[in-house]
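Read through the structure below, which is laid out as structure tokens, and then see the notes.
The values are calculated or read from the model by the stated rules, or taken from the named source; none is laboratory data. Keep in mind that what you see is a predicted model, and the values were worked out from it rather than measured. Virtual Cβ from ideal backbone geometry, glycine too; neighbours counted across all protein chains shown.
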């Protein structure tokens, strides 16, 4: 029996197997089967994450995953944030504000004929 190909973000951890990762804030770990014990650098408590659950990493640093039974884990990188994301958000807010102003004008003054409609 052959195993299906596994992407880089989908990992299998053997029973009592250890996996070390470099975590980034916002990275999510989804446990698809089994359970893992997660130890995050500079965090006081460990987390037990069972199948079907997800946990978000808080800090940058080493993350140790221990498989409790054979476990499959998906690693979802954080969504990119930066100047381009902020610019897209700003443009969306400006478009929404302009649409709200148009709707307000229609409610107050009724339909307005534009030069293009003449």
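Name the single residue that is modelled with the highest pLDDT among those in the range 79-89 being more than 16 Å from residue 24 (Cβ to Cβ) and surrounded by 10 or more Cβ atoms within 10 Å (Cβ to Cβ).
Among residues in the range 79-89 that are more than 16 Å from residue 24 (Cβ to Cβ) and surrounded by 10 or more Cβ atoms within 10 Å (Cβ to Cβ), the one modelled with the highest pLDDT is 89.
Give all pairs with beta carbons closer than 6 Å in which a residue from the range 47-62 that is free of Cβ contacts under 8 Å to residues at least 24 places away in the same chain meets a residue that is surrounded by fewer than 14 Cβ atoms within 10 Å (Cβ to Cβ); count only pairs at least 6 apart in sequence or on separate chains.
From residues that are free of Cβ contacts under 8 Å to residues at least 24 places away in the same chain, the pairs are 51/33.
Do you know which residues across the range 33-84 are in a loop (DSSP other than H, G, I, E, B), more than 14 Å from the chain's Cα centre (by Cα) and over 22 Å from residue 15 (Cβ atoms)?
Correct list: 41, 42, 43, 44, 45, 59, 60, 82.
Got a sec? Which of 70, 41 is in contact with a strand residue (DSSP E or B) (Cβ under 6 Å, 6 or more places away or on another chain) and modelled with pLDDT under 90?
Numbers: 70 fails: modelled with pLDDT under 90.
Being in contact with a strand residue (DSSP E or B) (Cβ under 6 Å, 6 or more places away or on another chain) and modelled with pLDDT under 90 holds for just one of 70, 41, which is 41.
Identify all residues within the range 56-78 that are within 10 Å of residue 27 (Cβ to Cβ) and crowded, with 17+ Cβ neighbours inside 10 Å; write none if there are none.
Those that are within 10 Å of residue 27 (Cβ to Cβ) and crowded, with 17+ Cβ neighbours inside 10 Å: 57, 63, 75.
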